[in-house]
Amino acid sequence: MSFSLTEAQAADGLAVARHTLELLRTVPEFGDRYADVAAPGTLAELAALPPLAKDDLNTALAHLEPSAAQGATWLFQSGGSTGAPKVGYAPTGFYMAKVFEHWQPLDRDDVFVNAWGAGRMWGAHFLAAGLADLCGCRVIALGSVTREEYPEWLAFLADRKVTAIGGTPSVLRLWFAHARAAGIELPSLRKVLWLGEAWQPQLEEDLAVVAPKARRHGMFGSTETWVVGSNTPGCPADTFHPFPHQLVHVGDDGLLDFTSLDPAMLNPVLRYRTGDAGELTSCPCGRTGPAMRVLGRRDNVVQVRGLGLHVDELLARVEREPGVTRAQVVITEQGGRAQEVEVLLVTAAGADVDTAALRRELLSATFTLSTAFVHDPEHVRVRTVDALIGNDRTGKTAGFVVREAS
Ligand SMILES: [Zn+2]
């Protein structure tokens, strides 16, 4: 099983893929990349097309400059976490009507807090607003708040008896950690919508205290593909059911690629790779048809002095430590060589984490660290901080940060 749809299910939609191919052929920067390929009439022919990488899509968009058939054309940040924003396009509505046909996490009785940040060309706040509009619920468009503002807003949300909240998992972690620290409960909260990062299992611990009735409802997507699939509380957090207008393919190398079968799609998404590895599988929730299991980004292995450091494995180990709410790996380089590896910890209020013991354990248990720093182990450090290093431009907090020594 390497496609999310059968030949028959995809047949009509492949007309959109053929149209996208025609558009990509007109992009001068691609040269003869698409010159010799056949217009895809079958899934096998589609799989034979060259995949698109993030930069390719931006190159194509700079040439195509698509616009919506009706209403406004919105520009959003797309790809790249450094430098100037790269741009993706979407029409008003953000393709959520097709999502709503298959997934209705909210209903008219819900009071939904939209906690995805608004502004800065971020897309998630607006697509969640689009979904809420279709669901007909009550909406509190909160966006992002500063550290000092959490207790006051949490009290307001408790007072309003909110039933649903949505955000990126790292922002949701902040909301529930602050609620727990302040002793604020949200007993009416039943739904936690999320998109933008992998689910963080540590959220369950805070939810169990703050909002024990809350269950997760996830979306998977990117600003290039928009929402590809979703899940419900009965699905594993890393498994999503792709929508019929989104064709998911798993390559021989285990990388996922996405092809839009939606004629209204403005971004030329044809075998587009987000960098995520994954597989198509059956979901234990019992829904039939292939579900997409996302196995994480291949680029979460970072080179440290010539050895691969598995950042996710390291963070998973650190975040199992009692009292640690979130961690981040910061690599300081000089002239391309890793000078120091620091593990930053955000800890729960009042927690007393033994960073020295944790550091000793990480050094002995992580082959890359013990080998790469065998002569200077003092350059592997573990320390607690007030806040992790975020990317002000994208609003995301990455699992690892590489920075140049000052
Ligand atoms: Zn499922």
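The values are calculated or read from the model by the stated rules, or taken from the named source; none is laboratory data. This one's a predicted model, so the numbers in the text were calculated from it and none came from an experiment. Cβ coordinates were reconstructed from backbone atoms using ideal geometry, including for glycine residues, and neighbour counts include every protein chain displayed. Heavy atoms of the whole protein, side chains included, go into the accessibility calculation; ligands, DNA and RNA do not. Shrake-Rupley method; radii C 1.70, N 1.55, O 1.52, S 1.80 Å.
Scanning region 351-377 for residues that are open to solvent by 40 Å² or more (accessible area, probe 1.4 Å) and either touching a residue at least 60 places away in the same chain (Cβ under 8 Å) or touching an Asp or Glu at 6+ places or on another chain (Cβ under 8 Å) (or both) yields 367, 371.
Taking the listed residues 341, 380, 346, the one that is under 23 Å from the mean Cα position of the chain (by Cα), β-branched (Val, Ile, Thr) and modelled with pLDDT of 90 or more is 346, with no other qualifying.
Anything in region 223-271 that is hydroxyl-bearing (Ser, Thr, Tyr), more than 16 Å from the chain's Cα centre (by Cα) and within 13 Å of the ligand (Cβ to nearest atom)? List them, or say none. Within region 223-271, just 232 meets the criteria. Being open to solvent by 60 Å² or more (accessible area, probe 1.4 Å), of a type outside the set (A, V, I, L, M, F, W, C) and assigned to a strand (DSSP E or B) holds for only one residue in 328, 303, and it is 303.
So that you can scan it fast, the table gives a plain yes or no per residue for (1) touching a helix residue (DSSP H, G or I) at 6+ places or on another chain (Cβ under 6 Å); (2) open to solvent by 10 Å² or more (accessible area, probe 1.4 Å); (3) of a type outside the set (Phe, Trp, Tyr):
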position: 212; (1), (2), (3): no, yes, yes
position: 215; (1), (2), (3): no, yes, yes
position: 224; (1), (2), (3): yes, no, yes
position: 233; (1), (2), (3): no, yes, yes
position: 236; (1), (2), (3): no, yes, yes
position: 243; (1), (2), (3): yes, no, no
position: 246; (1), (2), (3): no, no, yes
position: 250; (1), (2), (3): no, yes, yes
position: 254; (1), (2), (3): no, yes, yes
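Would you call residue 151 away from the ligand (no atom under 16 Å from the Cβ), touching a residue at least 40 places away in the same chain (Cβ under 8 Å), touching a helix residue (DSSP H, G or I) at 6+ places or on another chain (Cβ under 6 Å) and not small (Gly, Ala, Ser)?
No.
On inspection, residue 6 fails the criterion of being of a type in the set (Val, Ile, Thr) and surrounded by 15 or more Cβ atoms within 10 Å (Cβ to Cβ). Only residues that are open to solvent by 70 Å² or more (accessible area, probe 1.4 Å) and touching a Pro at 6+ places or on another chain (Cβ under 7 Å): list them for region 13-58, please. The answer is 18, 33.
With respect to (1) buried (at least 18 other Cβ atoms within 10 Å of the Cβ); (2) assigned to a loop (DSSP other than H, G, I, E, B), the lone exception for residue 107 is condition (1). Each residue in region 256-271 was checked for being buried (at least 20 other Cβ atoms within 10 Å of the Cβ), of a type in the set (A, V, I, L, M) and out of contact with any strand residue (DSSP E or B) (no Cβ under 6 Å at 6 or more places or on another chain), and 1 of them qualify. Of all residues in region 154-171, those being surrounded by 17 or more Cβ atoms within 10 Å (Cβ to Cβ), in a helix (DSSP H, G or I) and at pLDDT 95 or above number 3.
The set of residues from region 272-287 being in a strand (DSSP E or B), within 16 Å of the ligand (Cβ to nearest atom) and open to solvent by 10 Å² or more (accessible area, probe 1.4 Å) comprises 279, 280, 281. Taken over region 104-136, the criterion of being basic (Lys, Arg) and either under 16 Å from residue 215 (Cα atoms) or in contact (Cβ under 8 Å) with a residue 40 or more places away in the chain (or both) is satisfied by 120 alone.
Within the span defined as region 59-80, one or more residues are buried (at least 17 other Cβ atoms within 10 Å of the Cβ), free of Cβ contacts under 8 Å to residues at least 40 places away in the same chain and under 24 Å from the mean Cα position of the chain (by Cα). Summed over region 40-58, residues that are under 22 Å from the mean Cα position of the chain (by Cα) and either in a loop (DSSP other than H, G, I, E, B) or more than 23 Å from residue 275 (Cα to Cα) (or both) total 2. Close contacts from region 222-241, counting a first residue that is closer than 18 Å to residue 166 by Cα and of a type in the set (S, T, N, Q) and a second that is part of a loop (DSSP other than H, G, I, E, B) and more than 9 Å from the ligand (Cβ to nearest atom), with Cβ to Cβ under 6 Å and a gap of 6+ residues or different chains, come to 222/274; 223/78; 223/123; 230/103.
For region 192-210, taking the residues that are open to solvent by less than 30 Å² (accessible area, probe 1.4 Å) and either assigned to a strand (DSSP E or B) or of a type in the set (Asp, Glu) (or both), the one that is modelled with the lowest pLDDT is identified as 206.
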